[in-house]
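Student: Have a look at this one before I ask anything.
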Amino acid sequence: MPSQLEVENVTVAFGGRRALDGVDLRAEPGRVTGLIGPNGAGKSTLFDVISGLRKPVNGSVALDGREITKLGPARRARLGMSRTFQRLELFGRLSVRDNLLVAAEMGPDRKVASAVVDGLLDRLDLRAIADTTADALSTGMGRLVEVGRALAARPSILLLDEPAAGQDREETERFSALLRTVADDGVAVLLVEHDMELVMEVCDTVHVLDLGKILSVGTPDEVRSDERVITAYLGA
Ligand code: ADP
Ligand code: MG
């Protein structure tokens with residue numbers, strides 16, 4: 001069940017300051033959409049608005065043409081939305097397998113949960129550490145398991161907040177290939193990431209956020225050569 005996400009004119013204020021100011025964004029099924037920008041730009045806040053954890057003072061979020069701005073996070077999850085957090089949120093004392101199982105059991109069909117977990121252990125190459133407890137994992141592996149948990153719910157739209165932070169080069173490369181296969185299955189993937197090599201390699205479209213506003217939207221090549229983006233984020 002593919003899902004198109006449309007964010008329109010979203011504004012969020014903390015105190016008097018606008019963390020997001022009239023943000024538009026679109027993410028399409030089968031595509032990896034990047035969201036980049038300096039620390040404090042508002043990327044995680046936008047994820048909170050999209051996933052229903054924070055209500056915007058203005059603007060709307062729609063999934064497949066249906067407005068969901070007023071729905072809570074659980075309702076959005078049932079509509080096929082799944083996300084990871086910038087800070088890892090794994091169950092530290094549970095094994096990798098059980099972390100995935102808890103998430104799979106919240107998915108659309110409980111009866112297939114263990115089969116879904118089995119498939120994910122193979123797909124993410126986690127078999128060798130299936131019985132390792134989450135708090136014994138490296139940050140990079142923990143991030144991979146976190147992505148596995150988001151996939152266990154079998155989402156149609158997947159929001160990833162800095163999933164490659166703490167991953168080494170080899171982990172990032174495997175992760176990049178995985179993201180492509182997730183998109184190829186028809187999932188709309190929205191990726192917040194600082195690893196520019198990963199962003200440029202895997203994203204179909206990139207949105208650049210700076211000081212709560214969209215500065216630029218385009219293909220990785222278009223965005224990379226945009227003077228405003230170079231000045232605000234990429235550096236000379
Ligand atoms: P990013 O993920 O791009 O680094 P954030 O969305 O985390 O940025 O933050 C955007 C801005 O909003 C920052 O200035 C941050 O300090 C502020 N901010 C984020 N969350 C809160 C909050 N709960 N209360 C007050 N200010 C916040
Ligand atoms: Mg953030």
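What follows is calculated from the coordinates using simple rules that are stated; it is not laboratory data. Remember, it's a predicted structure, so these values are computed and weren't measured experimentally. Cβ placement follows ideal geometry from the backbone for every residue including glycine, while neighbour counts extend to all protein chains displayed.
Student: Once the Cα atoms of helix 169-184 and of the chain are each reduced to a long axis, what angle between those two axes, in degrees from 0 to 90 to the nearest 10, is obtained?
Tutor: Approximately 80 degrees, to the nearest 10.
Student: Could you check the simple spin-label distance between GLU197 and LYS55, using points 7 Å along Cα→Cβ, in nm with one decimal?
Tutor: The two pseudo-label positions are separated by 4.5 nm.
Student: Taking +1 at the Cβ of each Lys and Arg and -1 at the Cβ of each Asp and Glu, which of ALA115, PHE85, PRO56 sits farthest along the dipole of the stretch 53-115 towards its positive end, judged by Cα position relative to the Cα centre?
Tutor: Positive-end residue among those listed: PRO56.
Student: In whole angstrom, note down how far apart the Cα centers of the stretch 2-59 and the stretch 214-230 are.
Tutor: Taking the Cα centre of the stretch 214-230 as reference, the centre of the stretch 2-59 is 18 Å away.
Student: A further question on this structure: Rg and Dmax in Å for the stretch 193-236, alpha carbons only: what are they?
Tutor: Spelled out, the Cα radius of gyration and Dmax of the stretch 193-236 are 9.6, 25 Å.
Student: Hey, rough spin-label estimate for THR69 and ARG174, points 7 angstrom out along Cα→Cβ, what's it come to in nanometres?
Tutor: Taking the two extended label points, one gets 4.3 nm.
Student: Starting from the Cα gyration tensor of the stretch 148-236, multiply each eigenvalue by 5, take the square root, and state the resulting semi-axes largest first in whole Å.
Tutor: Computed over the stretch 148-236, the values are 24, 15, 12 Å.
Student: Thinking of the stretch 40-149 as a set of Cα atoms, what percent of all their pairs are more than 20 Å apart?
Tutor: 49 percent
Student: In straight Cα distance, which aspartates and glutamates are under 16 Å from LYS55, not counting same-chain residues fewer than 8 positions off?
Tutor: Correct list for LYS55: GLU6, GLU8, ASP21, ASP24, GLU67.
Student: Then there is this: Using only Cα atoms, figure out Rg for the stretch 11-90 and give it as a multiple of 2.2 N^0.38 Å.
Tutor: Against the compact-globule rule of thumb, the ratio is 1.10.
Student: In debye to the nearest 20, how big a dipole does the chain give about its Cα centre with +1 on each Lys and Arg Cβ and -1 on each Asp and Glu Cβ?
Tutor: 1040 debye
Student: Cut-off 10 angstrom, C-alpha nodes, Gaussian network model of the chain. Which of GLY212, GLY15, GLY59 fluctuates the most?
Tutor: GLY15
Student: Now a separate question. Can you work out the PRE-style zone for ALA128? Point 7 Å along Cα to Cβ, and I want the residues of the stretch 159-186 with backbone N under 13 Å.
Tutor: 171
Student: Looking at the stretch 1-44, I'd like the Rg to Rh ratio, where Rg is from alpha-carbon atoms and Rh is Kirkwood's inverse mean 1/r.
Tutor: 1.05
Student: Something else about it: Can you tell me what percent of all Cα-Cα pairs in the stretch 42-88 are more than 13 Å apart?
Tutor: Tail of P(r) above 13 Å: 54 percent of Cα pairs.
Student: Here's another thing I want to ask about it. Over the chain, what per residue volume does the convex hull of the Cα atoms give, in whole Å³?
Tutor: 118 Å³
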